[in-house]
Every structure is written in C-alpha cells, then in structure tokens.
1. Which residues does a label at VAL16 reach in region 22-58, if reach means a backbone N under 11 Å from a point 7 Å past the Cα toward the Cβ?
2. Taking the Cα centroid of region 23-43 and of region 48-76, what is the distance between the two, rounded to the nearest whole Å?
3. Identify the GluC sites (Glu not before Pro) of region 1-43 meeting these criteria: DSSP loop state and at most 13 other C-beta atoms within 10 Å of the C-beta.
4. How long is the chain along each principal axis, judged by its Cα atoms, biggest number first, in Å?
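No value in this document is a laboratory result; all are computed from the given coordinates. Everything quoted here is computed from the prediction, not taken from an experiment. Cβ placement follows ideal geometry from the backbone for every residue including glycine, while neighbour counts extend to all protein chains displayed.
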Amino acid sequence: MYNWNTLKREVVRKGVSRVGFRGENVTMVMNFAEPGLEVRPHSHTFEQIAICVSGRMNYHVGGEVFEMTAGCMLRVP
C-alpha cells in the first residue's frame, strides 16, 4: 500500500514536482503543478490518464486544450 502524502517528492522543474510508484505493468504518478508554470509539450509511447484532483488546469493534447477542474479525467492516446 502507498500513500501520496508519505512518498518522497521529486522536483521535476520549476513549478512541477511529483511522487510515483510502479508495478510490473503499470506506473502511477501524482504531479503537483504550481500556477503559472511553463508548458512543455512532450509525448509517451503509452497511453496516459490525467485526473485533476483539485484546482483547475489547462491540459494540452496535440492542438487541443482541455480545461480541467477537480474530478475531470482525460485519456491521452
């Protein structure tokens, strides 16, 4: 069992930190984003699910921007 609140937080870059864990076939990451952070597009070779736990954010996928609020989920192919 894991708890996001007790995992060691890693600073990714200014405005973004994260905690995570992995199994044999799955990785789960909780990102903490601060207001005003610089958007840096990137891609993965696997699907990704983004969930807004609290607050509000604009999530960019390809040329689209999705305004997410607490409780919103998004599948990124």
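1. Only 31-34, 37-43 pass the distance filter.
2. Measuring centre to centre over Cα atoms gives 11 Å.
3. In loop regions of region 1-43 (DSSP not H, G, I, E or B), the sparsely surrounded GluC sites (Glu not before Pro) are GLU24, GLU38.
4. 36, 27, 24
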